[in-house]
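Novice: My questions will all concern the structure given below.
Here, each number is a calculation from the coordinates, and none is a lab measurement. From a predicted model like this one, the values you see are computed outputs, not experimental measurements. Methodologically, a virtual Cβ is constructed for each residue, glycine included, from the backbone with ideal geometry; neighbour enumeration extends over all protein chains shown.
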Amino acid sequence: MAKQETQQLITRDTIISNILEINPSKSALLTEMLLDFGIHCIGCGASSIETLGQGVLGHGYTEEQLDKLIVDLNKVISSENTDTNLKVINTQDFKLTLTSTAVTKVKEAMKSQGKKDTATLRVSVLSGGCSGFMYDLQFIDEPVKGDINFKQDGINIGVDKGSLDQLNNIEIDFIDTLNESGFKFNNPNQSAGCGCGKSFN
């Protein structure tokens with residue numbers, strides 16, 4: 001009796017954006033693998049209609065390179081190992097700061113949204129955006145279990161533990177100019193960013 005082959009979760013016909021939804025806990029690693037390979041359309045509109053095969057071959061890669069990428073992606077999806085080969089940040093060495101302007105704007109936002117002083121500003125990194133990753137800021141009433149929590153200038157801050165390596169030493173500022181207004185992330189860990197200022201890789 002012939003040995004049954006292991007079913008692949010990711011094939012050349014898988015829509016690119018769906019790859020990150022197959023195993024959400026591995027989405028950051030999968031995003032990094034695709035970016036390193038040269039597939040930078042993860043966060044753009046094309047990723048929701050273009051298959052992995054179309055994206056890879058359309059960028060000039062060979063069938064052999066496509067097959068190897070599919071194998072590597074499926075290894076990550078099926079692996080129980082959650083290590084992502086990203087550098088591990090000691091929580092005691094982690095640092096994230098808000099500028100005085102950002103502190104003022106966060107407090108104003110909390111007040112306008114009717115949040116109590118005990119609310120937490122949660123900072124995390126999500127898969128998506130023009131460059132592969134995007135920053136996420138939100139107010140939560142209760143700290144998330146497992147987050148790194150600390151306080152700055154009277155503001156409770158929680159950082160997603162899975163985003164520590166991407167957010168270490170980051171400075172969050174707020175700018176208000178003729179061209180743009182909003183929170184700006186000065187991140188020494190990013191290799192490139194998008195013009196929108198909210199997406200990076």
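Novice: How high is the FRET efficiency between E171 and T118 when r is their beta carbon distance and R₀ equals 22 Å, given to the nearest 0.05?
Specialist: Values: r = 25 Å, r/R0 = 1.12.
Taking R0 as 22 Å, the efficiency between E171 and T118 is 0.35.
Novice: Relative to the present Cα-Cα distance, how much length would full extension add between K75 and D13 at 0.36 nm per residue of separation? Write down the numbers at each step before the final one.
Specialist: Details: separation 62, 0.36 × 62 = 22.32 nm, distance 1.73 nm.
Stretched out fully, the K75 to D13 stretch lengthens by 20.6 nm.
Novice: Determine, from the Cβ-Cβ distance of K161 and Q65 and an R0 of 30 Å, the FRET efficiency 1/(1 + (r/R0)^6), rounded to the nearest 0.05. List each step's numbers first, then the result.
Specialist: Details: r = 34 Å, r/R0 = 1.13.
Here the calculated transfer efficiency is 0.30.
Novice: For the cross-link pairs K111/K151; K107/K184; K75/K95; K26/K115; K68/K161, which exceed 23 Å when the distance is taken from alpha carbon to alpha carbon? Let's see the in-between values first.
Specialist: Values: K111/K151 18 Å; K107/K184 16 Å; K75/K95 33 Å; K26/K115 32 Å; K68/K161 31 Å.
Too far apart for the 23 Å limit: K75/K95; K26/K115; K68/K161.
Novice: Enumerate the aspartates and glutamates that K145 could reach by cross-link, defined here as Cα to Cα under 19 Å, with residues fewer than 8 away along the same chain left out.
Specialist: Those aspartates and glutamates meeting the cut-off are D136, D160, D165.
Novice: What's the FRET efficiency of K151 with L178 using the Cβ-Cβ distance as r and R₀ = 45 Å, to the nearest 0.05?
Specialist: Efficiency, from the Cβ-Cβ distance: 0.85.
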